[in-house]
Amino acid sequence: MQNLDAIFFDVGATLRYVVEDKEFAAAAERELMELVGSTEEHDAFFEKLNKNWKAYRKWAKTELLDVSEMELWLQYLLPDYPADKVAPNAARLTRLWRDHDGRRVVHDGTLETLRELKRRGYKLGIIANTITETEIPDWMCRDHVADCFTTVILSSKVRLRKPDPAIYLLGARCIGSAPEACAYVGDNPVRDVEGAKAANFGAMVLFEDAGTADREGKAPTVLPDYTIKSIPELLDLFPPRT
């Protein structure tokens, strides 16, 4: 790890995870329907929305592309709803759509680890597949770690999507380090590992999160350089830089 000076992170399941909260999710679903003026039955509305979401996810994973929030809602998720209702609320709709899964909380020791890695002299960044353009920056501000990150690359803003090595190379270029001087920390044994390796990142650290091994529907073909069971274990891998 001596030649590494930048560490990039995935966010979903790596730095944060979802906690089920039925009341929180129900409130998000009610607000979502109100914003678009839906008069459909709740179950029928969300059955359609889920069907459209799955179709979009299939397209995005096949093309390795993501779209902006406005395009997501106008073209894919609610193309049959009035644009003057959907377009102005696209950002809020995306947040509510994510909230209907539950609350997102950080793994134990994550915030302290990020601050310590920065103190040790590493440049930190985020490379994440996400449909929202604001949630991750808002979380960084809310948990007071925005100053830890030099570069934030979100697929919804740059269009590129992991495991396309181009999104990793963009991150390296933006943070000002050669790819071989960058490390990537992620939880997906297929997407995260393949992308980082294809981009020639200097190290790939897999956070072994239960249940992710078959999430992509295929077995890993590339192995990570290191595996960890908790985010604070990164402090054992990344010593202070001199």
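Derivation of every value follows stated rules applied to the coordinates shown; laboratory data play no part. Every value quoted in this text rests on a predicted model; they were computed, and no experiment measured them. In this analysis, Cβ positions are derived from the backbone assuming ideal geometry, glycine residues included, and neighbour counts consider all displayed protein chains.
The figures follow:
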| item | result |
| --- | --- |
| Whichever residue in segment 65-95 is assigned to a helix (DSSP H, G or I) and of a type in the set (Val, Ile, Thr) and, among such residues, is surrounded by the fewest Cβ atoms within 10 Å (Cβ to Cβ) | VAL86 |
| Single match in GLU133, GLU180 (criterion: part of a loop (DSSP other than H, G, I, E, B) and among the charged types (D, E, K, R)) | GLU133 |
| Selection within segment 12-36 - of a type in the set (D, E, K, R) and in a helix (DSSP H, G or I) | LYS22, GLU23, GLU29, ARG30, GLU31, GLU34 |
| Qualifying residue in segment 37-46 (condition: in contact with a Phe, Trp or Tyr (Cβ under 8 Å, 6 or more places away or on another chain) and either within 30 Å of ARG142 (Cα to Cα) or not basic (Lys, Arg) (or both)) | yes |
| Residues of segment 96-130 classified as assigned to a helix (DSSP H, G or I) and either surrounded by fewer than 19 Cβ atoms within 10 Å (Cβ to Cβ) or in contact with a helix residue (DSSP H, G or I) (Cβ under 6 Å, 6 or more places away or on another chain) (or both), total | 12 |
| Filter result (among the charged types (D, E, K, R), out of contact with any strand residue (DSSP E or B) (no Cβ under 6 Å at 6 or more places or on another chain) and farther than 22 Å from ASP101 by Cβ) within segment 119-141 | ARG119, ARG120 |
| Residue list for segment 141-158, restricted to those being crowded, with 19+ Cβ neighbours inside 10 Å and more than 13 Å from the chain's Cα centre (by Cα) | VAL145, CYS148, PHE149, THR151 |
